[in-house]
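Written out below as structure tokens is the structure these notes cover.
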Amino acid sequence: MLLEATARREHGAYNLVYEQLSAPVRSVIGAVLRDPAQAEEVAQEVLLEIWQVAFRYDSAKGHAKAWVLTIARRRAIDRVRSAVAAEAREQRTATMPYLDQVSDIVEDILEREQLRRCLGSLSNLQREAIMLTFYDGYTNLQVASVLRIPLGTAKARIRDGLTKLRNVMQDGTAATRGRVVPG
């Protein structure tokens, strides 16, 4: 009931949701993230997200608390995965010999140039959504908000644009290797 009231932006509804669920959200996140500062940051992100996406809650699919705690747990796990991936990247970079680093840098530059050319093959709508997502780091929800379009439309633009980019980049890679690519 409170999440539905929050989705309707009824006065005081979110305050009650916050009072009732902030401690369990922090507890779930704290169990996954051992760093209290990280846990607090993720908890605040989750509670803000709940306020923003309360309209997605469907009481027919389960209890509100379970829905909120599932979101909290997933965000905490995402944070752990992100940290592990970042640490692995740092370790690879730190242990890589200098020539390998130079080779990787040159390869990255060439790939970026190819990506810039391929971005030109997208529609303006797809390119705008992809740029917001991958260059500005926006979530799908933020892209939808910035572009003032439904979330599903934002996701579709990003998905379709990425599919087209992948195909164009693969075709470009095949062409640079001397293979004939059907037009």
TODO: Calculate, in whole percent, how much of the Cα-Cα pair population of the chain lies beyond 28 Å.
DONE: 47
Open item on the list: Rounding to the nearest 10 and keeping the result within 0 to 90°, find how far the Cα-based axis of helix 13-32 lies from the longest principal axis of the chain.
Closed with: 60
Task: ³J(HN,Hα) computed for each position of region 45-62 - Karplus, 6.51 cos²θ - 1.76 cosθ + 1.60, integer Hz, glycine/proline x - done: 4, 5, 5, 5, 4, 4, 4, 6, 10, 4, 5, 7, 5, 10, 4, 5, 9, x
Task: Angle between the chain longest axis and helix 151-176 axis [Cα atoms, degrees, rounded to 10] - done: 20
Task: Stretch gain in nm, segment Leu119-Ala83, where the contour uses 0.36 nm per residue and the Cα spacing is subtracted - done: 10.0 nm
Open item on the list: What do you get for the angle between helix 98-119 and the principal long axis of the chain? Use alpha-carbon atoms, 0 to 90 degrees, nearest ten.
Closed with: 80
- [ ] Determine the relative contact order of region 1-95: mean sequence separation of Cα pairs under 8 Å and six or more apart, normalised by residue count, in whole percent.
- [x] 33
- [ ] Would you mind counting up the charge near Leu47? Only other residues with Cβ under 12 Å from its Cβ, with Lys and Arg at +1 and Asp and Glu at -1.
- [x] -3
- [ ] Find the relative contact order for the chain and round it to a whole percent, using C-alpha pairs within less than 8 Å whose residues are 6+ positions apart.
- [x] 16
TODO: State, to one decimal in nm, how far the label point of Leu141 lies from the label point of Gln170, with both points 7 Å from Cα in the Cβ direction.
DONE: 3.3
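Read the figures in this text as sums done on the coordinates, not as results from a lab. Being a predicted model, the structure only gives us computed values, none of them experimental. Because the Cβ atoms are built from the backbone with ideal geometry, glycine has one as well, and the counts that use them run over all protein chains shown.
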